[in-house]
Amino acid sequence: MTPVVRAVDSPHELRRGRWFGGRRPVAGGSVWPGPRQELLLKAALLEGDAARRAWLEWADGADLGRVEGRSAKLLALAHRNLLAQGVHDPRLERLKPYRRRTWGRNQQIFQRLNRALGVLHASGIETLVVKGAALVPCYYRDASARGMGDFDVLVREDRFQEAYEALRESGWSSRYWLPEHFDTRFEHAIALFDADGYSIDLHCHLLMACCGRGADDPFWEASVPATIAGVETRTLCAADHLIHACVHGMNWVNEAPLRWVADAVTVIRSAPDGIDWEHLIRTSRQLRLTSPVVEPLEYLARTFGVPIPPAVRDRLHAVPVTRADRQRFRLWTRNRRGRPVALFLHHYHMYARGVGEAGLAERVRSVPEYLRFWAHTDRLWRIPLRLGLKAWRVIGYRLGLYRYWDG
């Protein structure tokens with residue numbers, strides 16, 4: 001009997017109830033996989049007896065008909081790796097449906113990516129494809145091994161509004177933003193949906209942590225040409241894919257993110273020319289990302305035996321980290337939901353990263369601009385109403401009344 005488990009993201013899941021969903025206690029969450037999740041990751045990523053032992057230990061304690069969502073997304077990769085390692089276990093037959101569904105959904109996503117890139121290129125907008133849509137063809141090299149919930153495309157910041165309008169006119173729409181309320185200083189991407197519920201994350205910046213003007217210059221300068229979904233475009237160099245996987249994985253979510261581990265390990269092992277560690281160190285230092293890069297790298301080396309040169313870790317550790325950067329890193333790796341102080345600090349850092357090194361007058365003028373951005377309105381009188389609604393959601397989440405809450 002085919003296990004009834006969601007192996008990949010549903011294109012319609014964002015249509016479901018956004019906040020109310022009955023009582024649910026505030027979850028702990030983590031940015032690090034738990035012990036059983038590490039076993040499945042090892043089965044999907046390690047070689048030889050290490051992969052076989054990890055699989056047998058994980059499978060002996062698993063109900064293959066009820067695998068939690070994050071782990072279910074790894075089963076296709078585990079199936080591919082275990083077959084390649086010569087593992088013989090009849091339970092592997094139950095993983096075949098995950099690979100078939102992953103391959104089928106990815107084909108649908110790549111078809112939409114092809115059309116979206118065509119729209120953007122017809123408008124003369126340069127594109128850089130990131131995350132799964134680039135990793136699957138360039139590093140995994142198997143559309144059945146790594147699922148995607150959407151696809152991500154970075155455009156240059158000064159062409160972002162034009163790119164948004166081009167996609168909107170071709171049938172894509174945003175459910176949560178209007179273009180006049182979006183500010184590229186304070187947010188890195190916007191999700192657009194087609195009529196079938198498939199999503200594109202259109203990026204004006206690669207990373208949530210870096211939204212200052214010029215923050216993406218190092219990524220564009222080091223980008224490489226690639227043919228993705230049958231279209232000539234660009235993607236990140238291997239070192240920048242690794243930076244992105246690490247930094248993106250360090251954002252707290254309710255269920256521990258696992259895919260960043262698989263992506264980082266796959267990039268390191270599959271990069272045709274290896275990792276340019278000098279570029280990784282230089283870019284991490286330039287963008288003040290050494291903490292969210294070095295800690296994941298140490299975890300990968302310690303837990304999965306990934307060959308990270310000790311000198312790279314030493315040099316990253318030697319980079320001075322400001323108190324604000326340290327606080328920001330701790331804040332984004334921990335649960336902020338229903339915690340007013342953490343939320344205030346989160347929004348302060350979002351505001352601060354956007355204004356950058358601006359003078360006092362510009363900083364003061366940017367405060368109401370950030371509030372308008374956050375409240376999705378150009379009318380200041382609506383901001384107190386939104387603050388009141390947000391306060392009620394905080395209380396509701398603390399009381400366990402909300403299934404999902406957007407912070």
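The values are calculated or read from the model by the stated rules, or taken from the named source; none is laboratory data. Quick caveat, the model's predicted, so the values are computed rather than measured. Note: ideal-geometry Cβ built from the backbone for every residue, glycine included; neighbour counts use all protein chains shown. What goes into the accessible areas is simple: the full protein's heavy atoms, side chains included, and nothing from ligands, DNA or RNA. Shrake-Rupley method; radii C 1.70, N 1.55, O 1.52, S 1.80 Å.
The single residue among L83, L75 that is buried (at least 20 other Cβ atoms within 10 Å of the Cβ) and within 23 Å of D263 (Cβ to Cβ) turns out to be L75.
Selection over the range 221-274 of residues that are of a type in the set (D, E) and within 16 Å of the chain's Cα centre (by Cα) gives a count of 3.
In this structure, does R94 turn out to be open to solvent by 40 Å² or more (accessible area, probe 1.4 Å), in contact (Cβ under 8 Å) with a residue 40 or more places away in the chain and either part of a helix (DSSP H, G or I) or of a type in the set (K, R) (or both)? For R94, the condition - open to solvent by 40 Å² or more (accessible area, probe 1.4 Å), in contact (Cβ under 8 Å) with a residue 40 or more places away in the chain and either part of a helix (DSSP H, G or I) or of a type in the set (K, R) (or both) - is met. Residues in the range 276-315 that are closer than 15 Å to L236 by Cβ and buried (at least 20 other Cβ atoms within 10 Å of the Cβ): L280, T283, S284, L287, L289, V293.
Cβ separations smaller than 8 Å between residues 6+ apart or across chains give the following pairs from the range 351-372 residues that are farther than 23 Å from A189 by Cα to residues that are surrounded by 12 or more Cβ atoms within 10 Å (Cβ to Cβ): E362/V355. Screening A62 on (1) assigned to a helix (DSSP H, G or I); (2) farther than 27 Å from C138 by Cα; (3) open to solvent by 20 Å² or more (accessible area, probe 1.4 Å); (4) not acidic (D, E) shows it passes everything except condition (1).
Test R52 against the criterion of being open to solvent by 70 Å² or more (accessible area, probe 1.4 Å) and touching a Leu at 6+ places or on another chain (Cβ under 7 Å), and give yes or no. Here the answer is no, as R52 does not meet what is asked. Residues in the range 174-203 that are closer than 22 Å to V367 by Cβ and polar (S, T, N, Q): T184 alone. Within the set G86, G22, the sole residue that is more than 22 Å from the chain's Cα centre (by Cα), part of a loop (DSSP other than H, G, I, E, B), at pLDDT below 85 and over 22 Å from M148 (Cα atoms) turns out to be G22. Take the residues in the range 331-346 that are in a helix (DSSP H, G or I) and in contact with a helix residue (DSSP H, G or I) (Cβ under 9 Å, 6 or more places away or on another chain), then tell me which one is most open to solvent (accessible area, probe 1.4 Å). Filtering the range 331-346 for residues that are in a helix (DSSP H, G or I) and in contact with a helix residue (DSSP H, G or I) (Cβ under 9 Å, 6 or more places away or on another chain), the one most open to solvent (accessible area, probe 1.4 Å) comes out as P340.
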